[in-house]
Amino acid sequence: MAFYVTLHFQTMFSRIREDIANIMTRDPAARSAWEVITCYPGFHAIVIQRCAHWFWQNNFKWLGRFTSHIGRWLTGIEIHPGAQIGRRVFIDHGFGVVIGETAEVGDDCTIYQGVTLGGTSLSKGAKRHPTLGNGVIIGAGAQVLGSFTVGEGAKVGSNAVVVKPVPAGATAVGNPARILEKESGNARDETAARMFAAYGVTPNGDDPLSKALHGLIDNAATQEHQIERILAALKCAGIDCETLETAEKFDPDQLNKLVE
Ligand SMILES: CC(C)(COP(=O)(O)OP(=O)(O)OC[C@H]1O[C@@H](n2cnc3c(N)ncnc32)[C@H](O)[C@@H]1OP(=O)(O)O)[C@@H](O)C(=O)NCCC(=O)NCCS
């Protein structure tokens with residue numbers, strides 16, 4: 001018995017040392033182990049969750065919930081005791097983080113403040129919360145909702161709302177989240193310059209969906225311009241296109257302003 005208790009404490013302290021070393025490696029603001037131990041709510045939350053999870057797994061359900069609740073009071077981070085948290089998980093700043101009962105967080109994940117790993121289903125006992133593969137980064141304020149997987153090494157942008165699986169290594173941004181396509185820098189810049197320069201819309205707009213809409217508007221404007229020239233040529237040739245000419249005027253500048 002004494003042997004198992006000793007072993008348990010050894011494992012616990014080696015994990016704590018690992019967590020401290022991990023935070024010092026991953027947060028440039030961390031200056032010493034003492035600072036991590038005393039000033040990092042994400043560190044406190046993980047240590048408390050480990051105790052709560054142990055209670056939960058060993059059928060002390062209320063104690064698990066209560067320990068988790070104390071963790072929430074102290075840190076502003078709410079992790080259900082049933083959630084499975086991997087090794088070296090770093091919750092940076094952490095305030096407002098909520099991790100649901102059936103969530104699984106892989107090793108080496110980073111989670112910033114305001115993140116929810118939440119559920120969309122009310123069915124008791126079922127897997128309702130997401131699974132994060134190893135090395136996933138979830139940006140501040142992102143909401144990951146549902147029982148799907150965010151693949152290993154994927155990144156979720158701050159304030160994204162993710163409702164579908166994210167492939168390993170991919171980056172998801174926006175609401176609802178879209179996967180950023182891996183495009184060569186030059187091709188992308190050329191496309192952006194070609195599509196947006198004519199109407200003075202910044203080629204550095206952040207949202208891929210907004211960029212796509214600007215591209216479609218600009219493309220429609222180019223077609224409109226070409227049709228006008230064709231109509232003018234037809235008129236010169238004596239062909240009457242009166243009905244087409246009086247069609248409602250398309251205003252790309254106004255539409256571009258609407259999707260900014
Ligand atoms: C999503 C993220 C991981 C992408 O990082 P990255 O791989 O280096 O990608 P980039 O910064 O090159 O951005 C790629 C594209 O996504 C866009 N983008 C980045 N973050 C975005 C976000 N949160 N929402 C919407 N679009 C975003 C960029 O504008 C860029 O678009 P473009 O290529 O069409 O110009 C990063 O921007 C992010 O949000 N990290 C979270 C940081 C955080 O929460 N910090 C809190 C510290 S307290």
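Every number here is computed from the coordinates shown, using simple stated rules; none is lab data. Values in this document were obtained by computation on a predicted structure and should not be read as measured data. Cβ sites come from the backbone with ideal geometry, for glycine too, and all protein chains shown count toward neighbours.
Give me the net charge of Ala172's neighbourhood, meaning all other residues with Cβ under 11 Å from the Cβ of Ala172; Lys, Arg count +1, Asp, Glu -1.
After counting each charged neighbour, the total is +3.
What's the FRET efficiency of Arg31 with Asp251 using the Cβ-Cβ distance as r and R₀ = 51 Å, to the nearest 0.05?
Once rounded, the FRET efficiency stands at 0.35.
Could you please rank Glu104, Glu228, placing first whichever residue has the fewest other Cβ atoms within 10 Å of its Cβ?
Glu228, Glu104
Report the net charge of residues surrounding Lys61, where surrounding means a beta-carbon distance below 14 angstrom and charges are Lys +1, Arg +1, Asp -1, Glu -1.
Net charge around Lys61: +1.
Per-residue HN-Hα couplings for segment 91-97, Karplus 6.51 cos²θ - 1.76 cosθ + 1.60 at θ = phi - 60°, whole Hz, x for Gly and Pro?
Computed from phi, the couplings for segment 91-97 are 9, 8, 6, x, 4, x, 6 Hz.
Among Val162, Val47, which comes first, then next, by fewest other beta-carbon atoms within 10 Å?
If I rank by nearby Cβ atoms, fewest first, I get Val47, Val162.
³J(HN,Hα) across segment 12-17 via Karplus (A = 6.51, B = -1.76, C = 1.60, θ = phi - 60°), whole Hz, x for Gly/Pro?
Each residue's phi maps through the Karplus curve to give 4, 6, 5, 5, 5, 4 Hz.
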